[in-house]
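Encoded as structure tokens, the structure appears first; notes follow it.
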Amino acid sequence: PDEARAVLEVEGEGAGSSRTRMHKKGGGKRVLATLPSFAKDIWLPYDGITVLEEMELPTLALAPTPYISVRNHMLKKWHSDPMTFLTLEEATSDMPPAYESPLALRSAGKLTYAFLSRYGHINAGLLPFAEG
């Protein structure tokens, strides 16, 4: 099981130009990257939204501030332990009360999680662990 753990490899030439990628332990250069600026490191603006987010999440893009709060919460959670698959339940636990309605917050959480997963911003290179 330990050999199957992925590690981050950092490529690039200095601050701001580095990229991260996942590979299996044992091959190539193994470096655990520190991720102080989680949104910037994966090409998302910390305090804004991208054109892709506007296109994929048009309802959430109408009120970007609450969406950004939910998105950054999920990114921060995943980057605190990027070697572990982040489930929807874990990603949406302790979300900031960005929306007035709990139903709106849950819906925004599901949409945000799906977007981040689909485009590799969270759970990149990881598969969910099946118990049993």
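The values are calculated or read from the model by the stated rules, or taken from the named source; none is laboratory data. These numbers were taken from a predicted model, which means no experiment stands behind them. Neighbour counts run over all protein chains shown; Cβ positions are idealised from the backbone, glycine included. Areas reflect the complete protein model, heavy atoms only, side chains present, ligands, DNA and RNA absent. Shrake-Rupley method; radii C 1.70, N 1.55, O 1.52, S 1.80 Å.
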Mind listing whichever residues of segment 57-96 are open to solvent by less than 40 Å² (accessible area, probe 1.4 Å) and of a type in the set (A, V, I, L, M)?
57, 60, 61, 68, 70, 74, 75, 83, 86, 91, 95
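Yes/no matrix, rows are residues, columns are (1) assigned to a helix (DSSP H, G or I); (2) more than 14 Å from the chain's Cα centre (by Cα); (3) of a type in the set (Val, Ile, Thr); (4) exposed (fewer than 13 other Cβ atoms within 10 Å of the Cβ):
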residue: 98; (1), (2), (3), (4): no, yes, no, no
residue: 104; (1), (2), (3), (4): yes, yes, no, no
residue: 108; (1), (2), (3), (4): yes, yes, no, no
residue: 113; (1), (2), (3), (4): yes, no, no, no
residue: 116; (1), (2), (3), (4): yes, no, no, no
residue: 121; (1), (2), (3), (4): no, no, no, no
Does segment 39-56 hold any residues that are in a helix (DSSP H, G or I) and either open to solvent by less than 30 Å² (accessible area, probe 1.4 Å) or at pLDDT 85 or above (or both), and which are they?
39, 51, 52, 53, 54, 55, 56
